[in-house]
Amino acid sequence: MLRYLTSGESHGKSLLAILDGMPAGLHVDKAGIDNELRRRMLGYGRGKRMAIESDKMQVLSGLRRSVTIGSPIALKVDNADSSIDSLPVVLNPRPGHADLIGALKYGLGDVRSVLERASARETVARVGVGAICKQLLDEFGIRIASHVIVIGGIAAETRKLPFSRIVQQAEKSPVRCADRVASELMCIEIDNASGERDTLGGAFEVIVKGVPPGLGSYAQWDRRLDALLSRAVMSIQAIKGVSFGSGFEVAILRGSKVHDEIFYSRNKGFFRKTNNAGGLEGGMTNGEDIVLQAAMKPIATLRKPLASVNIRTKESIKATVERSDVCAVPAAGIVAESAVAIEVANAMIEKFGGDSVAEMKRNYDGYLKQLRKI
């Protein structure tokens, strides 16, 4: 199965990742990885750090002539701002951040040692891993996209838009929102928050198109794909909630309005006309698109800092101010695409096995034939 580790600090020399378990025979497009890193850096409301960095991925091992060979893949992105050893000590933890609890947990007298690793800069490495997983999924016709549905008090209306239109319009929007009117209002909301030295959160949606039925399992709690996807997305910095399909709206509706009725045709096989379940039932994909939403809290670094306590003197003081974003919801959606890609790729490898992409494809084709016989 796929597994990976990341390493590196926000202002350290590099961000690193090792990806293990990728089948042999996958052609890896480095330009495609760099494009995912570029997408992560975009978005209205990003801070000055994005103007400093120019993230480019180095693939150190696991490929020969740009093709995976079955061994671990080592990835590296250098930081342009690698001033960690010269940065000042931080004693005033930020409310809403890992600062204080991290210092208490590890017995650290300098919050800098916490915030450097807890920073969302770590997601550069995860996006690199996810980019390779996306390329594996593309071999099976599986596509992943995200779009912003809420920033601050502005909500988008995109429920009637087809997947292709969502992708097209989100990529053109400065906040990655497929609703043009809402996109403009979101930018205004970000400007207002910035003018008040405040920050904004929001929500985004991730859609996975082309997944076969039967990924994941109901047999054990830790093999349920919706649980694995939730864990992966919740591990992204500042994410506070995850839902699928109709989300928390199902709590106020009757069953007759929630559950997706089942139909059959010779051309389609079993299918649904609605997708309130978000493509997952009993911890398994049901053949419809996976649709996942996530809520992101406002960034914890405020230019108008909140009350805090100096960890040495215990005096009341304002929290430290670090270089940060006003709003990073669009970027969080890109990171979530990678988090989801890793889990779906792992589920594909688990289901179809194989030490090579060619072997996976043979098993996959055989499974599709089996489905048509049922």
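For the reader, a short list of remarks on this structure follows.
- Across the stretch 233-374, the relative contact order, built from alpha-carbon pairs under 8 Å that are at least six residues apart, equals 19 percent.
- Choice from ILE166, ILE311, ILE207 with maximal GNM fluctuation in the chain (Cα, 10 Å cutoff): ILE311
- In this simple spin-label approximation, SER265 and ASN192 carry label points 7 Å from Cα along the Cα→Cβ vector, and these lie 4.6 nm apart.
- Set of lysines near LYS273 by C-alpha distance (under 18 Å), chain-local residues within fewer than 8 positions excluded: LYS160, LYS209, LYS257
- Distance in nm between pseudo-label sites at LEU371 and MET234 (7 Å out along the Cβ direction from Cα): 2.8
- In the stretch 216-355, one over the average inverse separation of all distinct C-alpha pairs is 18.1 Å, which is the Kirkwood hydrodynamic radius.
- Chymotrypsin sites (Phe, Trp or Tyr not before Pro) lying in DSSP loop within the stretch 308-374, provided at most 10 other Cβ fall within 10 Å: none
- For the chain, the mean residue ellipticity at 222 nm estimated from helices alone is -10500 deg cm²/dmol, where every DSSP H run of n ≥ 4 contributes -39500 (n - 2.57) and the total is divided by all residues, rounded to the nearest 500.
- Loop-resident trypsin sites (Lys or Arg not before Pro) (DSSP state other than H, G, I, E or B) in the stretch 146-187 with no more than 11 further Cβ atoms inside 10 Å of their Cβ: ARG159, LYS160.
- Alpha carbon convex hull of the stretch 151-291, projected area averaged over orientations, nm²: 10.4
- Shown here for the stretch 262-344: trypsin sites (Lys or Arg not before Pro) in loop regions (DSSP other than H, G, I, E, B) with at most 11 other Cβ atoms within 10 Å, namely ARG266, LYS268, LYS273, ARG312, LYS314.
- Near the amide H of SER356, within less than 5 Å, lie the amide hydrogens of ALA24, all on another chain or at least 5 residues away, with H placed in the peptide plane.
- Mean Cβ count within 10 Å, highest first, over the residues of peptides 252-262, 191-201, 77-87: 191-201, 77-87, 252-262
- ARG224, ARG372 arranged by Cβ crowding within 10 Å, fewest neighbours leading: ARG372, ARG224
- Whichever lysines have a C-alpha closer than 29 Å to that of LYS105, once near sequence neighbours (fewer than 8 apart) are set aside: LYS13, LYS76, LYS240, LYS297, LYS304, LYS314, LYS318
- Structural descriptor for the chain: relative contact order 23 percent, calculated from alpha carbon pairs under 8 angstrom and at least 6 residues apart.
- Answer label, with Kirkwood radius over Cα pairs in Å calculated from the coordinates and candidates [x] 20.2; [y] 24.9; [z] 21.9: [z]
All of the numbers you see were taken from the coordinates with simple rules; none came from a lab. Everything numeric in this text was worked out from a predicted model, so none of it was measured. Every residue, glycine as well, gets a Cβ built from its backbone with ideal geometry; the counts of neighbours run over all protein chains shown.
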